Amino acid sequence: GSVFSVNTIGTVLGSLGAGLMLIPLVGIRHTIEIALLLNLGLGILISFSDSLYSPIKKHVSVGVIIILTLGYFFIAPDWSQIVTLSGVFRNINDNEEPPSTYQEFLAKSQPPGIYYYKEGTTATVAVTKSITYSHGEQKVLVINGKGDASSKGDMPTQVLLAQFPAMLHPKPETTLVIGLGSGATAGTLLSHPIKQLDCVEISPEVVEAMEFFSEVNHRPNEDPRFRLYIEDALAFLNLTRKNYDIIVSEPSNPWIAGIGNLYTIDFFEVCKQRLRPNGLMVQWFHLYEMDDETLRLVLRTFQTVFPHVSIWQSFATDVILIGSLDPLQPNFSLMHKKFEIPRVKSDLENIQMPDVATLLSMQVASEKTVKEYAGYGEVNTEKLPFLEYWAPRSFFINAGVHQFVTYDERSLRENSHTLLKRYVMQFGLNDTERMNIINLHSLPNRGKNAFAYAFLREYLRLHPTDKQALALLANVTERMGRNEESSRIVETLAAIDPANPSVLENYGWTQYLLEKPVTTPYTFSKLDSIEKVLERAIELAKDTVDRYRAKLGDINFGKGDYQKAIDNYKRALQLQNEFTPDRNMRVDLILLHLAQASFKINKEDVAMGYVVQSYMANPNNPETREFASFLYMKQVEDNKAKKK
């Protein structure tokens, strides 16, 4: 009984001491080290109290323990932050070869910079620098190895989680945000004339990290209307007596342990109890690393509590559910007035949504369609937490959400009940609104390319020579795989605007992609004339654009003129240092093409040098690794042949 009592007391004190004091103060590693030292100290005390243990053995044992302990602290390397930030579990379903060495793993996982890092009791939180081709340099909030917010890439979702409900609700006064993230959603809600915003965040480290996103979140913690609670969301909702016009829930992905309880009927019921009349419940969800079965489970669960549900998009792979107890009856005139609030207008324009019609164009499905897609079946509860197991399964299988797109009401002519349709019937659409919708939906991974295509055809029927619309239609048709149509549009545009280098580059490259597969050494080829089109674009741009030179190099390579290709690739790299580089240009690919062209003219040593540079620029490119392996094996075989 005494042993059991002491053990119980020790367990309670140990967990409290580690969780509430040691981990926040010194981190996980040093907490473990302190625990080990305490165990060693207790071991020494016990050995000295043992009368059967000789004094010599006691002193020798203590001496060995002290030497080994000191050796550990002198020799052991510091805990690698790269390892805890790597998020290696997310690579399990990408079918890539794992790193062959620990050094290769570190090189692959090393972020360009770490602004903040702290190990807490609920999570390890960091703010890192990220450089991508689509967004350039940005800051990323990393929680337990997974990026959960960013200063650029995730801004549409972070902003629209606030703007959708704030625009649709007639007059929101009190709001609740569950999950602070970068603070951008809370800051966006505060752009509206609400009276109070409560925010619940379980991790104090996330609150500290928010300071690094002040350029995009409007510093919500400095607004007197903002109240922050470091608390579990479910506990907060059960304890508070406040009611809200809008509740926004933006937890992490449900395949992360412990997140599934924020997608249960029990949680949504508590949220419903905290909503005021005409209140809106807003829930983020994702389509990536997901499947239709799991998405339907979430929708059925959400719809069980909130009978009127609509689905909205912020990205091609991010959806926002808006639920209510009464049907949505938005006041479009009031929404126009809200758009005139300077910060609201600025936030929405920054994510390419400058008017009400463009905002409404992001609705995917209305209440009736959501019910049809969700169907009948299981729901997620605390007693039967299906999502806790289905979400990891869909993550690892990575089959994707496929059936959902067929329920997109923006593609239904007769049975569409979206708010945009209601808006068009009431106000119509002017040319500016049409072009704003087109510009948004023409962006990769933002809207719906087919939607942009339909609006472009309608717009060009009225304005057949509009250069901007023609250029957008060429890009959209190319992304949709309508290559012949894209080629005709680009040719038309080149005839209308022959002095525009960007138009000529697009025309030349489109023609090259069509001509190269049908070129033979025995028949006439258009490649020479296509090459001249790119040269003309370079001349008009005064040779200041890296992309033009790189594409001309590709055409040279395709023709078999490898020395010209090398010259143009080198010039492209030079232009990147002299002028503003095209952020979509991949330096690793240019270096790889330089290596391949050098190999073609029998300069294998030079080729190997370029391959090494390509690998250093991007260790994740399998084509580079494959070509490097080929060059290495060829050198080995050549050396064997010389010895013979």
Students often get this wrong, so try it: which of (1) 1.02; (2) 0.95; (3) 1.04 is Rg/Rh (Cα atoms, Kirkwood Rh) as calculated from the structure shown? (3)
Please state the shape class of segment 482-586: rounded when a/c is under 1.5, otherwise prolate if a/b exceeds b/c and oblate if not, all from the C-alpha gyration tensor. oblate
Dimensions in Å of segment 69-138 - Rg and Dmax from alpha carbons: 15.0, 49
Let me see the pair-distance distribution of segment 251-328: every alpha carbon pair, 5 Å bin width, integer percents in order. 3, 15, 27, 27, 17, 8, 2, 0
Can you list the HN-Hα couplings for segment 572-577, worked out from phi with the Karplus curve (6.51, -1.76, 1.60; θ = phi - 60°), rounded to whole Hz and with x for Gly and Pro? 4, 5, 5, 5, 5, 7
Given the -39500 (n - 2.57) contribution per DSSP H run of 4+ residues, what per-residue ellipticity at 222 nm results for the chain, rounded to the nearest 500 deg cm²/dmol? -17000 deg cm²/dmol
Residue-by-residue Karplus 3J(HN,Hα) for segment 195-200, coefficients 6.51, -1.76, 1.60, Hz, glycine and proline x: 8, 8, 10, 9, 10, 10
Between Val6 and Tyr376, what is the spin-label point distance in nm, taking each point 7 Å from the Cα along the Cα→C-beta axis? 6.3 nm
Please give me, ordered by residue number, the chymotrypsin sites (Phe, Trp or Tyr not before Pro) of segment 367-471 that lie in loop per DSSP and have at most 11 other Cβ atoms within 10 Å. Tyr376
Which of the lysines could be linked to Lys532 by a straight reach, that is with a Cα gap under 24 Å, when you skip same-chain ones fewer than 8 residues away? Lys467, Lys516, Lys542, Lys551, Lys559, Lys564, Lys570, Lys600
Lys/Arg +1, Asp/Glu -1 at C-beta; segment 108-214 dipole; positive extreme among Ile114, Phe213, Gln138: Gln138
Using the 2.2 N^0.38 Å rule of thumb for compact globular proteins, work out how segment 541-632 stacks up: its C-alpha Rg over that value, please. 1.03
Residue separation between Ile67 and Arg586 times 0.36 nm, minus their alpha-carbon distance, gives in nm 181.6 nm
Counting only DSSP loop positions in segment 541-580, the trypsin sites (Lys or Arg not before Pro) whose Cβ has at most 16 other Cβ atoms within 10 Å are Lys542
So, R0 is 60 Å and r is the distance between the beta-carbons of Val207 and Asn602; what FRET efficiency does that work out to, to 0.05? 0.50
Taking 0.36 nm per intervening residue step and subtracting the Cα-Cα distance, what contour gain separates Arg343 from Ile92 on full extension? 86.2 nm
Kirkwood Rh over alpha-carbon pairs of segment 144-302, then Stokes-Einstein at 20 °C and 1.002 mPa s: what D in µm² s⁻¹, rounded to an integer? 135 µm²/s
Cross-link reach list, lysines versus Lys448, counting only Cα pairs under 18 Å and skipping chain neighbours closer than eight places: Lys421
Rg (one decimal) and Dmax (whole number) from the Cα set of segment 333-407, in Å, equal 18.6, 47
If you build the convex hull over the alpha carbons only and average its shadow over all orientations, what do you get for segment 434-545? Give it in nm² to one decimal. 7.8 nm²
Quote the FRET efficiency, to the nearest 0.05, computed for Tyr522 versus Gln563 with a Förster distance R0 of 35 Å and r equal to the Cβ-Cβ distance. 0.90
To make sure I understand the rule: partners must be aspartates and glutamates, Cα under 19 Å from the Cα of Lys640, and not fewer than 8 residues away in the same chain. Which ones qualify? Glu604, Asp605
For segment 1-149, convex hull of alpha carbons as volume per residue, Å³: 187 Å³
Here, Val424 and Ser214, labelled 7 Å along Cα→Cβ, have an inter-label distance in nm of 4.6 nm
Length added when fully stretched, Ala641-Asp78, from 0.36 nm per residue minus Cα-Cα: 197.9 nm
Overall dimensions of segment 101-185 as given by Cα atoms, namely Rg and Dmax in Å: 16.2, 58
Of the heavy-atom accessible surface of the chain (probe 1.4 angstrom), what whole percent is carbon and sulfur? 58 percent
Can you list the HN-Hα couplings for segment 629-644, worked out from phi with the Karplus curve (6.51, -1.76, 1.60; θ = phi - 60°), rounded to whole Hz and with x for Gly and Pro? 5, 4, 4, 5, 5, 5, 5, 4, 5, 5, 5, 5, 5, 5, 5, 5
Percent relative contact order of the chain, based on C-alpha pairs within less than 8 angstrom and at least six residues apart? 8 percent
The FRET efficiency for Asn415 and Arg479, from their Cβ-Cβ distance with R0 = 30 Å and rounded to 0.05, is 0.65
Kirkwood Rh in Å, taken over segment 238-280 so that all alpha-carbon pairs contribute: 11.4 Å
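The values are calculated or read from the model by the stated rules, or taken from the named source; none is laboratory data. Not measured: the values here are computed from a predicted model. All Cβ positions, even for glycine, are placed from backbone atoms using ideal geometry, and neighbour counts span all protein chains on display. Surface areas here come from the heavy atoms of the whole protein model, side chains and all, with no ligands, DNA or RNA. Shrake-Rupley method; radii C 1.70, N 1.55, O 1.52, S 1.80 Å.
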